[in-house]
1. Rounded to the nearest 500, what is the 222 nm mean residue ellipticity of the chain from helices alone, with -39500 (n - 2.57) per DSSP H run of 4+ residues and division by all residues?
2. Could you pull out every residue, at least 5 positions away or on a different chain, whose amide H is within less than 5 Å of the one on residue 21? Hs are placed 1.01 Å off N in the peptide plane, and Pro or chain starts have none.
3. For residue 122 and residue 83 in one chain, what is 0.36 nm times their gap in residues minus the Cα-Cα distance, to one decimal in nm?
4. Would you mind telling me which residue in 208, 115, 124 has the biggest mean-square fluctuation in a Gaussian network model of the chain, where springs connect alpha carbons within a distance under 10 angstrom?
5. Rounded to the nearest 10 degrees, what's the angle between the helix 155-165 long axis and the longest principal axis of the chain, both from Cα atoms, 0 to 90?
6. Hey, fewest Cβ within 10 Å first, where do 133, 201 land in order?
7. Please identify every one of the trypsin sites (Lys or Arg not before Pro) in segment 79-146 that sits in a loop by DSSP and has no more than 11 other beta carbons within 10 Å of its own beta carbon.
8. Between 205, 121, 160, where does the largest GNM mean-square fluctuation fall for the chain, given springs only between Cα atoms within less than 10 Å?
Amino acid sequence: MDLVRLNKDLKNKNRIYQKGLVFLAIKTDHGQYLACDRNCGFAGEVFHAEHCEIVPEWQGLDQELIKLREEVAALTEERSLLLQQIERTIEEQPKPVALPLKVAEAINNCRAVGMSGIVILTNMEHIGQLFRDYGPQVRESLSVIREFTQQVIGGGQVLLEALVNGYTVEQPAEVKLINGLLKVIERWFSIPSHESNPGEDERELAQMIAEYVKGIYADQTA
């Protein structure tokens with residue numbers, strides 16, 4: 001299909017077609033152009049090739065359309081894979097994911113304007129195109145979510161699970177450390193004292209704290 005323009009005035013079946021008339025047409029095997037634009041009012045009319053010329057801008061548009069079709073196909077496939085991943089995730093036992101406070105608040109902001117999980121995942125890749133649809137707070141929230149997926153190892157999977165299974169706010173590292181140490185100390189107090197061996201109690205507490213810290217480090221480097 002081409003976008004063609006008449007290069008001269010024509011008269012056909014008591015109808016006049018003026019020079020410069022532009023319409024969509026298909027080139028036949030006989031080298032003629034068959035008008036196929038339903039909105040032009042003369043679909044089905046045949047014009048000789050020497051009376052028609054392809055609109056130069058159309059060739060660029062045609063390539064752009066091909067490119068857009070390829071992008072749409074890629075996005076459709078990506079969306080299909082994403083939906084399959086979501087379906088597989090839903091089949092598993094849902095488990096809320098702990099997210100940093102900033103990320104959780106960003107998701108809440110997006111949810112507040114009606115964004116679903118799929119819309120959040122799609123929009124965060126096209127933030128620059130959303131200035132007409134959403135205010136700066138929502139666009140900034142999408143940026144926060146995108147940065148989380150890019151800067152945190154496994155962040156994309158964590159985000160997907162959070163959008164599907166729900167999420168909680170992750171405790172700050174300092175709070176987690178303090179709460180963990182309090183549990184270690186509480187456990188240490190429940191152990192009978194080594195009164196006959198001075199210093200053993202302190203060494204035991206130090207060892208428990210060291211094991212706890214080693215556990216934290218192992219989780220961070222896993």
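Bear in mind that the values in this text are calculations on the coordinates, not laboratory data. From a predicted model like this one, the values you see are computed outputs, not experimental measurements. Don't worry about glycine lacking a Cβ; one is built from the backbone with ideal geometry, like all the others, and counts go over all protein chains shown.
1. Working: 7 runs with 121 residues, N = 222.
Mean residue ellipticity, 222 nm, calculated: -18500 deg cm²/dmol.
2. 6
3. Once the chain is fully extended between residue 122 and residue 83, it gains 12.8 nm.
4. Among 208, 115, 124, the largest mean-square fluctuation in the Gaussian network model of the chain belongs to 208.
5. 90
6. Values: 133 10, 201 16.
Final ranking by Cβ density, sparse to dense: 133, 201.
7. 132
8. Result for the chain, Cα springs under 10 Å: 205 fluctuates most.
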